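Each value in this text was obtained by applying a stated rule to the coordinates, not by laboratory testing. No experiment lies behind these values; they were computed from the predicted model shown. With ideal geometry, Cβ positions are generated from the backbone for all residues, glycine too; neighbour counts draw on all protein chains shown.
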Amino acid sequence: MSVLEKLSSQSAIALEEKYGAHNYHPLPVVLNRGEGAYMWDVEGKQYFDFLSAYSAVNQGHCHPRIVNAMIEQAKTLTLTSRAFHNDMLGRFEAYITSYFGYDKVLPMNTGAEAVETAIKICRKWAYEKKNIPEQQAKIIVCENNFHGRTTTIISFSNDPDARKNFGPYTPGFIKIPYDDVGALEKVLIEEEHIAGFLVEPIQGEAGVYVPTDGYLEKAKALCEQHNVLFIADEIQTGIARTGQILAVDHEGVKPDMLILGKAISGGVYPVSAVLANDQVMEVIKPGQHGSTFGGNPIAAAVAMEALQVVKDEELADNAHRLGTVFREKLGEYIKGSTIVNKVRGKGLLNAIVINDTDQSDTAWNICLKLKENGLLAKPTHGNIIRFAPPLVMTEEQLLECVSIITTTLKEFEV
């Protein structure tokens, strides 16, 4: 079979089923083109994208400026490894540190790599700056977190699918309830050798759980009081998704370490980063951490253009404005609904909670019907449907999508 041969949806799905590991359960749709807020399947049907590749495509599909930055850089130099300097890395490092207000950046490729990087830096800082005894540093995390699926990260997950039969697990983590300042304070007082607190400003994969106003600010103050690093995982919530450039900006919080990924490249190329000031980042010396592809010239060019697009097109403001409209419209519908309990979120990171158990297939069936009606979304944790369209969406498009969603939900009302 030629790689250029046109495939039907059925044929493409059959190939994945036969030759691919079954580590995902995607909706039965086969996509081959995207532009802005739209995607098309191999049969030519158009859909609104309401997942944005888990918020990686905030700038819209195939943004011409970002794609062009990748193409132009690919024509000259793609990869040097970090054995040599290249003429793009320093520019990117200066750009991104200025953009977010930090002294240093350590570039990587994927979100999970960036989280692992932050964990390593935090531990090394604890031993060399805080003088915690070697091998005893602990990092506080939150229940129902999602920071990736590496062996270390799943060690502090409480998702049985992520954990079961992947042990033995990595020690050194303490789990506390999310959005519970008292629980954080209790651990900081009672436990020795705490190095850091790793937290998502909004728990996306858990179902778009937005913490109580003031939670992040109070958590950061407690970390400062106890000389503990406040580490914000903004891989999904960052880059304008929640109506601010970063979700922590809603409370004016400056993390000691900031973890970025996904939309840092507009979904065009894998790029991630950890940012921190010198007092933290200087603990990393040559040979102690790295990646062949981390900070490569294409990644640098793509990330700079992707971040500039966010500013030039004022995507944070658009996310804030349209998110308010979305929650208002869905909230009006929910008042008379028997199938939906609530809508929650910030900016254009939102979710609806289906009036059913998390073991049911109602949310999945709703997403199948949404697909038929021209909108792509995906359930999370059984009875929750996440809605996160590209931030380039217009109000007219958003209202059309609200109409699709409410019309679909009506088919499931009792």
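Please say if segment 327-414 is rounded, prolate or oblate, where rounded means a/c under 1.5 for a ≥ b ≥ c the square roots of the C-alpha gyration tensor eigenvalues, and otherwise the choice is prolate for a/b larger than b/c and oblate otherwise? Rounded shape, in that the Cα axes give a/c under 1.5.
Within the chain, which DSSP H helices have Cα atoms that stretch 24 Å or more along the helix axis and a mean Kyte-Doolittle hydropathy of at least -1.0?
On the way: long enough: 111-128 (26 Å, -0.18); 315-334 (27 Å, -0.32).
Span-like helices here: 111-128, 315-334.
Segment LEU15..LEU399, full-extension length gain: 134.6 nm, with 0.36 nm per residue of separation and the alpha-carbon distance subtracted. Only helical runs count toward this figure. For the chain, summing -39,500 (n - 2.57) over DSSP H runs of n ≥ 4 and dividing by all residues gives -11000 deg cm²/dmol at 222 nm. When the pairs LYS164/LYS342; LYS186/LYS220; LYS120/LYS164 are compared against a 20 Å limit on Cα-Cα distance, LYS164/LYS342; LYS120/LYS164 fall above it.
Against the compact-protein benchmark of 2.2 N^0.38 Å, the Cα-based radius of gyration of segment 64-312 scales to 0.99. Charged neighbours of VAL248, selected by a Cβ distance under 11 Å, balance to -4 (K, R count +1; D, E count -1). Taking the DSSP bridge list for segment 64-312 and keeping only pairs wholly inside it, about 40 percent are antiparallel. Within a straight-line Cα-Cα reach of under 15 Å, LYS129 can be paired with the following aspartates and glutamates, leaving aside sequence neighbours fewer than 8 residues apart in one chain: GLU224, ASP256, ASP278, GLU282. The length gained on full extension between VAL67 and LEU79, counted as 0.36 nm times the residue separation minus their Cα-Cα distance, comes to 2.6 nm. Across segment 266-277, rounded Karplus estimates of 3J(HN,Hα) from the backbone phi angles (6.51 cos²θ - 1.76 cosθ + 1.60, θ = phi - 60°) give x, x, 8, 7, x, 9, 9, 7, 10, 10, 7, 7 Hz, Gly and Pro being marked x. Positive-end ranking of GLY214, GLY252, GLY148 along the dipole of segment 64-312, with charges on Cβ about the Cα centre, is headed by GLY148.
Based on the Cβ-Cβ distance from ALA94 to ASP356, what FRET efficiency comes out when R0 is 56 Å, to the nearest 0.05? Before the final figure, lay out each step's value.
Working: r = 51 Å, r/R0 = 0.90.
Plugging the Cβ-Cβ distance into 1/(1 + (r/R0)^6) gives 0.65.
This model, with +1 at the C-beta of Lys and Arg and -1 at the C-beta of Asp and Glu, gives segment 64-312 a dipole about its Cα centre of some 680 debye.
Label sites at TYR169 and LYS311, each approximated as a point 7 angstrom past Cα along Cα to Cβ, lie 4.2 nm apart.
What percent does the relative contact order of segment 199-249 come to when contacts are Cα pairs within less than 8 Å and at least six residues apart? Reported relative contact order: 38 percent.
What stretch of the chain, leaving out the sites themselves, is the longest with no chymotrypsin sites (Phe, Trp or Tyr not before Pro) in a DSSP loop having at most 16 other Cβ atoms within 10 Å?
Details: sites that count: TYR24, PHE84, PHE166, TYR169.
Longest site-free region, per DSSP loop and neighbour criteria: 170-414.
Residues whose amide H falls under 5 Å from that of VAL392, counting only those 5 or more places apart or on a different chain, are GLY60, with hydrogens built in the peptide plane. Partner aspartates and glutamates whose Cα lies under 15 Å from the Cα of LYS329, excluding those fewer than 8 positions away in the same chain, are identified as GLU395, GLU396, GLU400.
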